[in-house]
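This report refers to the structure that appears directly beneath it.
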Amino acid sequence: MTEVQHKGQCLCGAVAFTVTGDLPTPTACHCSMCRRHTGHFLVSTEVQKTALQIHDETQLRWYRSSDRVQRGFCATCGASLFFDAIYRDWVAVSMGAFEPPTGTQMSLHIFTADKGDYYVIADGLPQNPQ
Amino acid sequence: MARVDITGGCLCGAIRYSAITARDIVTLCHCTECRRFTGHHWAAVRVLERDLQISGSAKLAWYAHSETARRGFCADCGSSLIFRFNDADFLGIAAGSIDTPTGLTAGQHIFCNEKGDYYEIADGVPQSESW
């Protein structure tokens, strides 16, 4: 049986990708780094790197935001796309990039101790301070 | 509506700004373009162009996703920073880029008819289907 595929892209379409398999339930990260990178907070799904196919990496850029993480974005449109755990076998893909239906629901908030002060988390999902 | 002094910048620090906001509320946009730009949904505070000072603007890249508006981001780190209409004297500064405490409060969700299917809006802040 053919596995499900989820397609996505940046704002301008220069960086398009396909994830094979169901999307793991997304996590919302409220740390200050994710908030600066995205402009609000990051919601992403952690997929196996082997399940992610990026069709054209010409406009894909990486910013090394810490020892263990690099963040992928499109050089043309600035879309915040990927959170790459460099030494791990997974990469987090921004949920906003996916074409609907995603077939999944957010399940957890993390780094809520560092969240922004202009909004509240009121969806009833579990919250981890880190 | 109160005006608020803010400072902020991108993740890598190449771009920093200071501003006086036009108001003290944050607008949260759920349109498809904003969601692709940010990775979830957009959150921004309105600032008049004359009330904004930016350092590192050489690193501020722009993408015109339509004939009427464009979005600014850091060319080095990819931080999603600004939304502006081409013929307006104001722009939207990403709330996540503002140094805390921001002094701001979420005030309005817009374009909720295009929101993503993987989350709910449950904060009690007013919602509109488009503007």
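The values are calculated or read from the model by the stated rules, or taken from the named source; none is laboratory data. The shown structure was predicted, so the numbers you read here are calculated from the model rather than taken from an experiment. With ideal geometry, Cβ positions are generated from the backbone for all residues, glycine too; neighbour counts draw on all protein chains shown. SASA here: full protein model, heavy atoms, side chains in, ligands and nucleic acids out. Shrake-Rupley method; radii C 1.70, N 1.55, O 1.52, S 1.80 Å.
The sole residue among A:Ala75, A:Ala97, A:Ala28 that is modelled with pLDDT of 95 or more, under 25 Å from B:Ala14 (Cβ atoms), open to solvent by less than 10 Å² (accessible area, probe 1.4 Å) and in contact with a strand residue (DSSP E or B) (Cβ under 6 Å, 6 or more places away or on another chain) is A:Ala97.
Within region B:102-131, residues that are in contact (Cβ under 8 Å) with a residue 60 or more places away in the chain and over 23 Å from A:Phe98 (Cα atoms) have Cβ atoms under 7 Å from residues that are open to solvent by 50 Å² or more (accessible area, probe 1.4 Å) and assigned to a loop (DSSP other than H, G, I, E, B) in these pairs: B:Thr102/A:Asp117; B:Gln108/B:Pro126, counting only partners at least 6 apart in sequence or on another chain. Take region A:78-95 and flag every residue that is part of a strand (DSSP E or B) and of a type in the set (A, V, I, L, M, F, W, C). Within region A:78-95, A:Leu81, A:Phe82, A:Phe83, A:Ala85, A:Trp90, A:Val91, A:Ala92, A:Val93 qualify. Regarding region A:75-89, can at least one residue be identified that is among the charged types (D, E, K, R), under 15 Å from the mean Cα position of the chain (by Cα) and within 11 Å of chain B (Cβ to nearest Cβ)? No, every residue in region A:75-89 fails to be among the charged types (D, E, K, R), under 15 Å from the mean Cα position of the chain (by Cα) and within 11 Å of chain B (Cβ to nearest Cβ).
Restrict the check to region B:56-69 and report whether at least one residue is touching a strand residue (DSSP E or B) at 6+ places or on another chain (Cβ under 8 Å), within 19 Å of A:Asp123 (Cβ to Cβ) and open to solvent by less than 50 Å² (accessible area, probe 1.4 Å). Please lay out each step first, then the result.
Quick first cut of region B:56-69, residues touching a strand residue (DSSP E or B) at 6+ places or on another chain (Cβ under 8 Å) only: B:56, B:59-65, B:68-69.
Add one more test, that the residue is within 19 Å of A:Asp123 (Cβ to Cβ), and what stays is none.
No, there is no match, as no residue in region B:56-69 is touching a strand residue (DSSP E or B) at 6+ places or on another chain (Cβ under 8 Å), within 19 Å of A:Asp123 (Cβ to Cβ) and open to solvent by less than 50 Å² (accessible area, probe 1.4 Å).
Beta carbons closer than 7 Å, at least 6 apart along the sequence or on distinct chains, pair a first residue in region A:32-54 that is closer than 19 Å to A:Gln105 by Cα and more than 8 Å from chain B (Cβ to nearest Cβ) with a second that is acidic (Asp, Glu) and open to solvent by 20 Å² or more (accessible area, probe 1.4 Å) for A:Gln48/A:Asp89.
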